[in-house]
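Take a look at the structure below.
The values are calculated or read from the model by the stated rules, or taken from the named source; none is laboratory data. Remember, predicted model here, so these are calculated numbers, not experimental data. All Cβ positions, glycine included, derive from the backbone under ideal geometry; neighbour counts span all protein chains shown. Keep in mind that these areas ignore ligands, DNA and RNA; they rest on the heavy atoms of the full protein, side chains included. Shrake-Rupley method; radii C 1.70, N 1.55, O 1.52, S 1.80 Å.
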Amino acid sequence: MVEISNHMPTAELQALDAAHHMHPFSTQSGFTKKGARVITRAKGTRLWDSEGAEILDAMAGLWCVNIGYGRDELAEAAYRQMKELPYYNTFFQTTHVPVIALSQRLAELAPGDLNHVFYAGSGSEANDTNIRMARFYWAQKGKPEKNIIISRKNAYHGSTLGAMSLGGMSGMHAQGGVVQNVHHIDQPNWWSEGGDMSPEDFGIERAQQLEKAILELGEDRVAAFIAEPIQGAGGVIVPPDSYWPELKRICDQYDILLIADEVICGFGRTGNWFGSETVGIQPHIMTIAKGLSSGYAPIGGSIVCDEVAEVVGGDEFNHGYTYAGHPVSCAVALENLRILDEEGIVTRAREEIAPYLKEKFEGLTEHPMVGEAKIVGMMGSIALTPHKESRAAFAADAGTVGYMVRERCFANNLIMRHVGDRMIISPPLVITKEDVDLLIARAWQSLDEGMAQVKAEGLFKPA
Ligand code: PMP
């Protein structure tokens, strides 16, 4: 048991939290019945809660703490920057040193001619920027009607009105209106939607939906296609190998912008600096956030190619956020990138840890309730099923079983999320082989306990 820092008893904290703090993506009234777990500190891959439990964080927070928790260098970078220049904006022909340095570094790291950064405070804001920038770009080129953005069902691009509209989460669309002129095609989820097709044929079919949509909507109406290289919050949907090459062909053939949402995939998550490199594409714009600062300070942005930056820069782009290029966030991000690079964290994750994690993670398919395990670099998912051969869903609402297993993971001090009936991981890139062994052992135990519960409730049968 570790020492607990001085604070109110957990029950009191929980009661205050339930009374005054509105949680994202939560049923608020639930907190009065069952309080939130209070996280008090963290180091490396571990979190501690207010009861002193040590938890293995296999989600790196919300897919963001790539560098691991507790790096003093980042805290010191923030402290130094706050003393030197805590805030200044980048509107009205002003700039500052941290934003210049970070932009130069990102231009170096980003592939091809992605040399220009427009900053935001988060991934959602950056995707709102992308909607406006893509439309402004075509308007600048004399084609204001070229304003439809094609995205994918079950994609996650954020929670602001624009980003939510880009995303393909039906539960979010159902709660309030969406912005106009966003069109969704199907996702490359072979496990759930592939039917009798081979994964490769299915990948081609799903990619060609983009071409069909462009032809139906009209090439002169479509501004851009946006996608996560590997779909994250949709359940870590790793597409068949045929998928991205076909999408690339289509994007190259038609005159539309390709926007890669790298908010999760960026900064080492897929084994390279960017997911675009992993799937072999050269986007016009990349959305970044999360791993950019390893979550230590809020920052997001759009990395933009030469041509788009030049066209957009030809007139005043009436868009910008107070905290865009915040000096403290930029200083923290720079230090984070320095450490990721100089300590070889991205390379080591790709060459040593990702292969080890893949082998162990794929071993979970030997569990009777696990149908497939998919993993790219340091993001992976398993599909839960009562019948592996037919890839059947459970005789329960989607997500019922996933939630049960997630609860068991929580009880076993492992943070693993569920999306529907897929369980997902995205650990800090600094996770060790010993941590991987512990992750798998706790996951296996949670699956066992979850399965016992599923069986006891009569749900272990195909829908
Ligand atoms: N894009 C993707 C791919 C994401 O996964 C997320 C967050 N999970 C976002 C955008 C939104 O980022 P934020 O929560 O920082 O607004």
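Only one of the numbered conditions (1) open to solvent by 70 Å² or more (accessible area, probe 1.4 Å); (2) within 24 Å of LEU337 (Cβ to Cβ) is violated by ASP113, and that is (1). Could you say whether any residue in segment 439-446 is open to solvent by less than 30 Å² (accessible area, probe 1.4 Å), charged (D, E, K, R) and at pLDDT 95 or above? No, there is no match, as no residue in segment 439-446 is open to solvent by less than 30 Å² (accessible area, probe 1.4 Å), charged (D, E, K, R) and at pLDDT 95 or above. Of all residues in segment 38-58, those satisfying the criterion of being part of a loop (DSSP other than H, G, I, E, B) and open to solvent by less than 30 Å² (accessible area, probe 1.4 Å) are THR45, SER50, GLY52, ALA53, ALA58. I'm checking my understanding of the structure. Among residues of segment 355-387 that are small (Gly, Ala, Ser) and surrounded by 23 or more Cβ atoms within 10 Å (Cβ to Cβ), which one is farthest from GLY271 (Cα to Cα)? Among those residues, the one meeting the criterion is ALA383. Based on what the data block shows, is ASN147 touching a residue at least 12 places away in the same chain (Cβ under 8 Å), open to solvent by 20 Å² or more (accessible area, probe 1.4 Å) and away from the ligand (no atom under 14 Å from the Cβ)? The answer is yes for ASN147.
Filtered by the rule that a residue be surrounded by fewer than 19 Cβ atoms within 10 Å (Cβ to Cβ) and either in contact (Cβ under 8 Å) with a residue 12 or more places away in the chain or under 21 Å from THR400 (Cβ atoms) (or both), segment 422-435 gives THR432, LYS433.
The sole residue among ASP201, ASP252, ASP241 that is surrounded by fewer than 17 Cβ atoms within 10 Å (Cβ to Cβ), more than 15 Å from the ligand (Cβ to nearest atom) and within 22 Å of the chain's Cα centre (by Cα) is ASP241.
Among the listed residues ARG105, ARG152, ARG135, identify the single one that is basic (Lys, Arg), crowded, with 17+ Cβ neighbours inside 10 Å and within 15 Å of the ligand (Cβ to nearest atom). If you could, list the steps in order and put the result at the bottom.
Working: ARG105 fails: within 15 Å of the ligand (Cβ to nearest atom); ARG135 fails: within 15 Å of the ligand (Cβ to nearest atom).
Matching residue, one of ARG105, ARG152, ARG135: ARG152.
Among the residues of segment 262-300, write down those that are charged (D, E, K, R) and under 23 Å from SER329 (Cβ atoms). I'd like the intermediate steps shown before the answer.
Looking only at segment 262-300, we keep the residues that are charged (D, E, K, R), and these are 262, 269, 277, 290.
If the condition is that a residue be charged (D, E, K, R) and under 23 Å from SER329 (Cβ atoms), then GLU262, ARG269, LYS290 are the ones that fit.
Would you confirm, using the coordinates I've provided, whether LYS455 is open to solvent by 40 Å² or more (accessible area, probe 1.4 Å) and over 30 Å from GLY295 (Cβ atoms)?
Working: open to solvent by 40 Å² or more (accessible area, probe 1.4 Å): yes; over 30 Å from GLY295 (Cβ atoms): yes.
Yes, satisfied.
Quick one: is GLN180 out of contact with any His (no Cβ under 7 Å at 6 or more places or on another chain), away from the ligand (no atom under 14 Å from the Cβ) and open to solvent by 10 Å² or more (accessible area, probe 1.4 Å)?
Values: out of contact with any His (no Cβ under 7 Å at 6 or more places or on another chain): yes; away from the ligand (no atom under 14 Å from the Cβ): yes; open to solvent by 10 Å² or more (accessible area, probe 1.4 Å): yes.
When the stated conditions are applied, GLN180 passes them.
What are the pairs, 6+ residues apart or on separate chains, where a residue within segment 156-171 that is under 10 Å from ASN130 (Cβ atoms) and in a helix (DSSP H, G or I) has its Cβ under 7 Å from a residue that is among the aliphatic types (A, V, I, L, M) and within 11 Å of the ligand (Cβ to nearest atom)? The qualifying pairs are LEU166/ILE226.
For (1) buried (at least 24 other Cβ atoms within 10 Å of the Cβ); (2) farther than 14 Å from THR129 by Cα, each residue gets a yes or a no:
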{"residue": "LYS290", "(1), (2)": "yes, yes"}
{"residue": "SER293", "(1), (2)": "yes, yes"}
{"residue": "ILE299", "(1), (2)": "yes, no"}
{"residue": "GLU307", "(1), (2)": "no, yes"}
{"residue": "VAL311", "(1), (2)": "no, yes"}
{"residue": "PHE317", "(1), (2)": "no, no"}
{"residue": "THR322", "(1), (2)": "no, no"}
{"residue": "PRO327", "(1), (2)": "no, yes"}
{"residue": "GLU342", "(1), (2)": "no, yes"}
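Filter segment 16-37 for residues that are within 25 Å of the chain's Cα centre (by Cα) and small (Gly, Ala, Ser); which is most open to solvent (accessible area, probe 1.4 Å)? So that I can check it myself, show each step before the final result.
Quick first cut of segment 16-37, residues within 25 Å of the chain's Cα centre (by Cα) only: 21-28, 36-37.
Narrowing the set further to residues that are small (Gly, Ala, Ser) leaves 26, 36.
Details: SER26: 55, ALA36: 19 Å².
Ranking the qualifying residues of segment 16-37, first place goes to SER26.
Looking across segment 60-74, the residues that are under 17 Å from GLY377 (Cα atoms) and either crowded, with 20+ Cβ neighbours inside 10 Å or free of Cβ contacts under 8 Å to residues at least 40 places away in the same chain (or both) come down to ALA60, TRP63, CYS64, VAL65, ASN66, ILE67, GLY68. Selection over segment 255-287 of residues that are in contact with a strand residue (DSSP E or B) (Cβ under 9 Å, 6 or more places away or on another chain) and within 16 Å of the ligand (Cβ to nearest atom) gives a count of 22. Each residue in segment 258-278 was checked for being buried (at least 24 other Cβ atoms within 10 Å of the Cβ) and more than 21 Å from LEU337 (Cα to Cα), and 1 pass.
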